[in-house]
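Right, one structure below, let's go through it.
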Amino acid sequence: MSLSVGIVGLPNVGKSTLFNALLKRQAALAANYPFATIDPNTGIVPVPDDRLEVLAKAVGTQTIKPATVEFVDIAGLVAGASKGEGLGNKFLANIRETDLVCHVVRGFSDDSILREGSTDPKSDREIIEMELLLADIATLEKQKQPKATKDKELLFRWDVTQKMLQTAMEGKLISSVLNSEVEKKVGREMGLLTAKEIIYIINVDENVISQQESQTKNYADLLNVSPDQIVIISAKIESEIASLGDEDSALFLEELGLKKSGLERLIQKAYDRLGLQTYLTAGEIEVRAWTIKKGTLAPQAAGVIHTDFEKKFIKAKVVSYQDFLDFDGWKGTKEKGKQRIEGKDYEMRADDVVEFMIGS
């Protein structure tokens, strides 16, 4: 599995500039006028993971395959989008299949950038979320009540549908009332936008980007959301980082008082909100990171590599990442007794280096 993220926001809040920076290329037209993005833009971004290059050297391979995140950037939404205003409503379908929504909010002060409906972060959030709610209400109102059936699954689905519709009609995000994984599954299957986790990206001025802690708290209080949902980013700075090599970008971040780029912080936040982690495989052919849910058992983790692996799972040979480095890879960890043989009930860990044994 790979993580998919939909980027939404009012026009000219910096969505396309951020999108371009994330992809390290000008994949979307970032222009100083509304609706510069007139087609949905999709790009695949590797998840930054320093462990992969270290593992590749340890096993003698040059092939590295990181986990990936798919970003989908759509045209700026405006008030009334659900009724046909602007262009953004035409592209909401493109983010219905994403795992998470990133709402970019204007926090920068450059008045030369046209506002196009943006007034302040709180009202900007309310405008966008109202349009998402109205789109969800339209979807929910199309659902048909099951008739003359005792099918428990269909009846449960209808009950959840009614609960979600009532919540949306009250102006509340549907995610706030989905209490179990089976309820969340109903929302996902309908492609409901406000049933998804939401992260708020605050696009701020360059001179405040180093004040991460205080800025996060201030915006969380202002938007009335959890600090865990806030990522402070300067799209301009991300654009500069994107144009630099690895060493230069590291020095640039250090000068700004930052340990990680906005991309790294955004991806980490997304993984945390969705309860995701990665495990590692390392061999002479390739080194690779695989994305799984926290709590995933070994057979299901193997199934991420290939569906047949889950069915034919026998056992897993597991080494911690640090032991793999300290004791010279697979051979050394075996000699030192640092390898573990785990069965079907083993719960995967984020630092696992794994080799699955699969039956024929």
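The values are calculated or read from the model by the stated rules, or taken from the named source; none is laboratory data. All of these numbers come straight from a predicted model, not from anything done at the bench. All Cβ positions, glycine included, derive from the backbone under ideal geometry; neighbour counts span all protein chains shown. When the accessible area is computed, the model is the full protein with side chains, heavy atoms only, and any ligands, DNA or RNA have been set aside. Shrake-Rupley method; radii C 1.70, N 1.55, O 1.52, S 1.80 Å.
Of these, VAL59, VAL45, which one is aliphatic (A, V, I, L, M) and under 21 Å from the mean Cα position of the chain (by Cα)?
Result: VAL45 is the single residue among VAL59, VAL45 that is aliphatic (A, V, I, L, M) and under 21 Å from the mean Cα position of the chain (by Cα).
Name the helices (runs of 4 or more DSSP H) wholly within segment 141-260 that hold at least 1 residues that are more than 23 Å from the chain's Cα centre (by Cα)?
Hits in segment 141-260: 152-169, 212-223, 246-255.
Can you pull out every residue in segment 269-285 that is in a loop (DSSP other than H, G, I, E, B) and either over 23 Å from LYS331 (Cα atoms) or at pLDDT 95 or above (or both)?
GLY275
Mind checking whether some residue in segment 313-322 is touching a residue at least 12 places away in the same chain (Cβ under 8 Å), of a type in the set (Phe, Trp, Tyr), surrounded by fewer than 20 Cβ atoms within 10 Å (Cβ to Cβ) and part of a helix (DSSP H, G or I)?
Scanning segment 313-322, I find at least one residue that is touching a residue at least 12 places away in the same chain (Cβ under 8 Å), of a type in the set (Phe, Trp, Tyr), surrounded by fewer than 20 Cβ atoms within 10 Å (Cβ to Cβ) and part of a helix (DSSP H, G or I), so the answer is yes.
Please go through segment 198-211 and give me each residue that is surrounded by fewer than 18 Cβ atoms within 10 Å (Cβ to Cβ) and either on the phi > 0 side of the Ramachandran plot or not β-branched (Val, Ile, Thr) (or both), ordered by number.
Listed by number, the residues that qualify are ASP205, GLU206, ASN207, SER210, GLN211.
Counting just the residues of segment 276-286 that are more than 19 Å from LEU3 (Cα to Cα) and touching a helix residue (DSSP H, G or I) at 6+ places or on another chain (Cβ under 8 Å), which one comes out surrounded by the fewest Cβ atoms within 10 Å (Cβ to Cβ)?
GLU284
Restricting segment 323-360 to residues that are within 20 Å of GLU286 (Cα to Cα) and in a strand (DSSP E or B), which is most open to solvent (accessible area, probe 1.4 Å)?
Taking the candidates together, the pick is GLU355.
Can you tell me which residue is farthest from VAL105 (Cα to Cα) among those in segment 212-227 that are open to solvent by 40 Å² or more (accessible area, probe 1.4 Å) and in contact with a Lys or Arg (Cβ under 7 Å, 6 or more places away or on another chain)?
Filtering first and then ranking leaves PRO227.
Residue-wise test of (1) at pLDDT below 95; (2) farther than 30 Å from PHE252 by Cβ.
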| position | (1), (2) |
| --- | --- |
| LEU114 | yes, no |
| ILE127 | yes, yes |
| LYS163 | no, yes |
| GLY191 | yes, yes |
| TYR200 | no, no |
| GLU206 | yes, no |
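Suppose the filter is open to solvent by 70 Å² or more (accessible area, probe 1.4 Å) and at pLDDT below 95; does GLN145 pass it?
Criteria met by GLN145.
I need every pair where a residue in segment 189-200 that is over 12 Å from ASP99 (Cβ atoms) has its Cβ under 6 Å from the Cβ of a residue that is in a strand (DSSP E or B), sequence separation at least 6 or different chains.
Pairs that qualify, where the first residue is over 12 Å from ASP99 (Cβ atoms) and the partner is in a strand (DSSP E or B), are TYR200/HIS103; TYR200/VAL105; TYR200/ILE230.
Considering LEU154, LEU133, LEU165, LEU178, which residue is under 21 Å from LYS269 (Cα atoms) and either of a type outside the set (Lys, Arg) or in contact (Cβ under 8 Å) with a residue 12 or more places away in the chain (or both)?
LEU178
I'm trying to understand the selection: among the residues of segment 233-257, which are surrounded by 20 or more Cβ atoms within 10 Å (Cβ to Cβ) and in contact (Cβ under 8 Å) with a residue 40 or more places away in the chain?
Passing the criteria: ILE233, SER234, ALA235, GLU238, ILE241.
Exactly one of (1) at pLDDT below 90; (2) open to solvent by 60 Å² or more (accessible area, probe 1.4 Å); (3) under 27 Å from LEU280 (Cα atoms) is unmet by GLY43. Its number?
(2)
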